[in-house]
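Quick notes on the structure that follows.
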2 protein chains.
Amino acid sequence: MTVVSVPSSAACALLRPMFEDVTVLVWDMQDDPPEGFERIEFMVPGHWPSENAHCWFTAMPELRVVQLLSAGVDHWIGHVPSGVTLCSARGVHGRATAELALAGLLAVLRDIPTYATQQRMGVWERHSGQGLDTKRILVIGAGDIGGRFASACELFGAETTLVARRPREGVRDITELATLVPDHEVVMLAVPMTASTVGLINAEFLAAMPDGSVLVNVARGPIVDTDALVAELFTRRLRAFLDVMDPEPLPANHPLWSAPNLLLTPHVGGFTGRHDPTGWHARAEDLVTAQLRRYLNGRELMNVVAIESGY
Amino acid sequence: MTVVSVPSSAACALLRPMFEDVTVLVWDMQDDPPEGFERIEFMVPGHWPSENAHCWFTAMPELRVVQLLSAGVDHWIGHVPSGVTLCSARGVHGRATAELALAGLLAVLRDIPTYATQQRMGVWERHSGQGLDTKRILVIGAGDIGGRFASACELFGAETTLVARRPREGVRDITELATLVPDHEVVMLAVPMTASTVGLINAEFLAAMPDGSVLVNVARGPIVDTDALVAELFTRRLRAFLDVMDPEPLPANHPLWSAPNLLLTPHVGGFTGRHDPTGWHARAEDLVTAQLRRYLNGRELMNVVAIESGY
């Protein structure tokens with residue numbers, strides 16, 4: 001009997017009736033493993049596994065598939081044993097993450113945090129906000145997240161420029177970045193964290209952004225040089241919306257907490273639930289069940305990140 | 001020489017070089033009129049004229065056109081003398097207003113005001129928000145604002161139902177409203193204020209909205225029965241984003257100020273400016289100049305609200 005693990009009892013309750021010949025264990029990889037974890041073949045870790053969770057892999061000889069619930073895979077690369085297929089949740093969070101990027105950008109442009117404060121104080125005071133109309137927006141990363149964000153901005157009159165490593169119709173080459181930056185009032189990051197994107201948004205890049213422009217990061221914190229951004233925010237020359245930062249969680253007393261011109265959310269980009277009691281994201285549910293069916297039937301898996309060896 | 005009035009000196013500076021045979025006066029209709037106002041033929045009042053501003057019309061025999069900068073015309077209907085054409089800024093604010101509706105809805109669903117408070121206190125604490133994915137959204141009013149809002153929500157996976165007085169392909173009849181409400185988790189208002197829409201969202205309507213659903217009003221305050229909404233908010237059964245309310249400005253100590261589950265902005269829907277020093281919205285600029293050219297050349301005007309008599 002195939003042993004599968006999922007990160008919550010709600011997810012377990014959902015899968016059990018769908019897969020009768022499967023044993024479903026509950027393990028989020030944050031707590032210690034459940035009894036019988038050594039026999040897990042197909043595992044779905046939780047969103048926030050403990051730092052050394054991957055050490056358990058050495059005691060799991062049957063493990064064949066690690067299906068993540070995140071689009072980002074940087075915490076797992078190099079930690080999945082040879083012979084185990086790592087699969088991302090690419091596409092599952094695209095909508096929610098693009099949506100949070102837009103929510104954060106609009107909140108910054110319209111100054112919603114200030115209005116929320118005025119509301120608490122009972123103050124009716126209007127000030128002119130900014131809209132997307134005629135804004136020039138540079139979207140770095142032309143995948144699902146970047147593309148969807150750009151389409152939404154265009155609906156409201158923004159002009160968008162997408163850049164990526166592989167230039168194509170409608171997507172500029174990332175090598176042109178330096179010349180593009182000064183012509184855009186918003187920079188939105190939607191690239192994976194790789195050796196070439198860590199520190200991409202450094203002091204020089206930020207200095208090239210026009211006065212008053214907005215940086216939006218829903219990708220990964222280390223893509224931005226935090227110190228350089230903090231410096232620009234404290235002079236109030238730039239504005240930012242950050243759902244991700246470096247480090248995370250942001251320690252108490254970190255200068256970002258008190259930086260002006262900044263809206264910050266604690267890495268909740270893909271973190272939306274349906275109204276349903278399972279709390280599972282509908283698309284994650286669909287992905288995990290489809291993927292498990294494929295695995296049990298010996299079919300090709302989706303969203304494979306790195307196959308260390310075949311089946 | 002044709003005499004024209006505009007509400008700011010910035011607008012005046014913009015128009016003067018474009019129309020050499022025109023005298024441009026500055027008058028926002030909030031302050032007393034400038035010298036020579038009796039000869040104004042074409043006027044553009046400011047966004048917030050004084051309550052009895054229309055009384056000045058009786059001393060303006062040359063007046064032919066009142067070009068508003070707002071999409072809503074309810075403050076002006078019945079106050080424009082016979083022989084004067086009233087024109088709205090329909091379309092000018094559509095993008096900005098639809099955009100604020102989306103900004104407010106996303107802020108409520110993701111609980112951005114709470115994260116802004118946590119940020120001020122230096123607290124890193126995640127809670128699951130909601131996204132648009134699979135949300136069923138009822139949009140009342142299928143004009144520019146409602147349509148654009150619906151398209152944006154659909155981009156992020158929402159299912160939208162548009163209703164209007166004139167049902168058509170993709171737009172349901174407003175008489176079906178009562179049966180539609182219970183199946184939707186968001187209700188967004190984008191109808192003009194008329195005798196048939198005042199009080200449309202009454203206690204009965206609100207009671208039919210499912211638990212936890214969100215009301216978004218960027219149209220006009222009196223479309224919603226404020227007391228009934230306050231009651232629903234205080235039980236925390238419903239949530240709301242209001243850019244407009246009844247009364248406006250909201251008086252100190254009004255219960256809406258302290259209502260839970262509410263995000264409130266002080267009627268800033270169309271209130272966005274470009275980065276340019278004039279502070280005029282680019283599209284308002286385009287509309288006023290195009291309209292004035294049409295008037296001077298004797299051509300048909302755009303966005304005519306009510307022609308009391310022909311030219």
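The values are calculated or read from the model by the stated rules, or taken from the named source; none is laboratory data. No experiment lies behind these values; they were computed from the predicted model shown. Please note: Cβ atoms are built from the backbone with ideal geometry, for glycine as well, and neighbour counts cover all protein chains shown. These area figures cover heavy atoms from the full protein model, side chains too; ligands, DNA and RNA do not enter into them. Shrake-Rupley method; radii C 1.70, N 1.55, O 1.52, S 1.80 Å.
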Subset of the stretch B:250-274 (residues that are in contact with a His (Cβ under 9 Å, 6 or more places away or on another chain), in a loop (DSSP other than H, G, I, E, B) and in contact (Cβ under 8 Å) with a residue 60 or more places away in the chain): B:VAL268, B:GLY269, B:GLY270, B:PHE271
If I ask for residues that are more than 7 Å from chain A (Cβ to nearest Cβ) and open to solvent by 10 Å² or more (accessible area, probe 1.4 Å), which ones from the stretch B:113-141 would you list? B:THR114, B:THR117, B:GLN118, B:ARG120, B:MET121, B:VAL123, B:HIS127, B:LYS135, B:ARG136
Test each condition in (1) in contact with a Leu (Cβ under 7 Å, 6 or more places away or on another chain); (2) open to solvent by 10 Å² or more (accessible area, probe 1.4 Å); (3) away from chain A (no Cβ under 12 Å); (4) not in a helix (DSSP H, G or I) for B:GLY199 and report the one that comes out false. (1)
Sole miss for A:VAL123 among (1) in a loop (DSSP other than H, G, I, E, B); (2) farther than 26 Å from B:ASN261 by Cα is condition (2)
A:ASP246 passes all but one of the listed conditions (1) in contact with a Lys or Arg (Cβ under 9 Å, 6 or more places away or on another chain); (2) over 17 Å from A:VAL139 (Cα atoms); (3) surrounded by fewer than 16 Cβ atoms within 10 Å (Cβ to Cβ); the exception is number (3)
Looking at B:ALA252, is it within 9 Å of chain A (Cβ to nearest Cβ), modelled with pLDDT under 95 and closer than 18 Å to A:ARG126 by Cα? yes
Per the list (1) open to solvent by 50 Å² or more (accessible area, probe 1.4 Å); (2) touching a strand residue (DSSP E or B) at 6+ places or on another chain (Cβ under 7 Å); (3) not hydrophobic (A, V, I, L, M, F, W, C), residue check on A:GLU35 breaks on (2)
Which count do you get for residues in the stretch A:203-249 that are within 14 Å of chain B (Cβ to nearest Cβ) and assigned to a strand (DSSP E or B)? 6
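May I ask you to verify whether A:ARG239 is in contact with a strand residue (DSSP E or B) (Cβ under 7 Å, 6 or more places away or on another chain), surrounded by 16 or more Cβ atoms within 10 Å (Cβ to Cβ) and on the phi < 0 side of the Ramachandran plot?
Answer is yes for this residue.
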Answer from B:ARG110, B:ARG148 - the residue that is under 21 Å from B:PHE241 (Cβ atoms), within 9 Å of chain A (Cβ to nearest Cβ) and touching a strand residue (DSSP E or B) at 6+ places or on another chain (Cβ under 8 Å): B:ARG110
Test of understanding: among B:THR97, B:THR58, which residue is β-branched (Val, Ile, Thr), farther than 30 Å from A:LEU256 by Cα, away from every other protein chain (no Cβ under 14 Å) and part of a helix (DSSP H, G or I)? B:THR58
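Looking at this structure, is B:GLY91 part of a loop (DSSP other than H, G, I, E, B), more than 9 Å from chain A (Cβ to nearest Cβ) and touching a residue at least 24 places away in the same chain (Cβ under 8 Å)?
Details: part of a loop (DSSP other than H, G, I, E, B): yes; more than 9 Å from chain A (Cβ to nearest Cβ): yes; touching a residue at least 24 places away in the same chain (Cβ under 8 Å): yes.
So B:GLY91 passes the test.
With the structure loaded, tell me whether B:ALA103 is under 20 Å from the mean Cα position of the chain (by Cα), touching a residue at least 40 places away in the same chain (Cβ under 8 Å) and more than 24 Å from B:ARG294 (Cβ to Cβ) or whether it fails that test. Don't jump to the end; show me each part of the working.
Working: under 20 Å from the mean Cα position of the chain (by Cα): yes; touching a residue at least 40 places away in the same chain (Cβ under 8 Å): no; more than 24 Å from B:ARG294 (Cβ to Cβ): yes.
The answer is no for B:ALA103.
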When the stretch B:151-172 is examined, which residues are found to be more than 14 Å from every other protein chain (Cβ to nearest Cβ) and not in a strand (DSSP E or B)? B:ARG165, B:ARG166, B:PRO167, B:GLU169, B:GLY170
Return the residue satisfying two criteria in turn: it lies in the stretch B:142-177 and is under 18 Å from the mean Cα position of the chain (by Cα) and more than 23 Å from B:GLY212 (Cβ to Cβ), and of such residues it is surrounded by the most Cβ atoms within 10 Å (Cβ to Cβ). B:ILE145
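Go through the stretch A:178-189 and report how many residues are surrounded by 19 or more Cβ atoms within 10 Å (Cβ to Cβ) and closer than 15 Å to A:ALA208 by Cα. Give the steps one after another, and end with the answer.
Step one: list which residues in the stretch A:178-189 are surrounded by 19 or more Cβ atoms within 10 Å (Cβ to Cβ), which gives A:181, A:184-189.
From what is left, the residues that are closer than 15 Å to A:ALA208 by Cα are A:181, A:184-188.
So the count comes out to 6.
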What number of residues within the stretch A:40-81 satisfy the criterion of being modelled with pLDDT of 85 or more, closer than 23 Å to A:GLU300 by Cβ and open to solvent by 30 Å² or more (accessible area, probe 1.4 Å)? 4
Against the conditions (1) farther than 25 Å from A:THR117 by Cα; (2) part of a loop (DSSP other than H, G, I, E, B); (3) more than 17 Å from the chain's Cα centre (by Cα), where does B:PRO182 fall short? Just the number, please. (2)
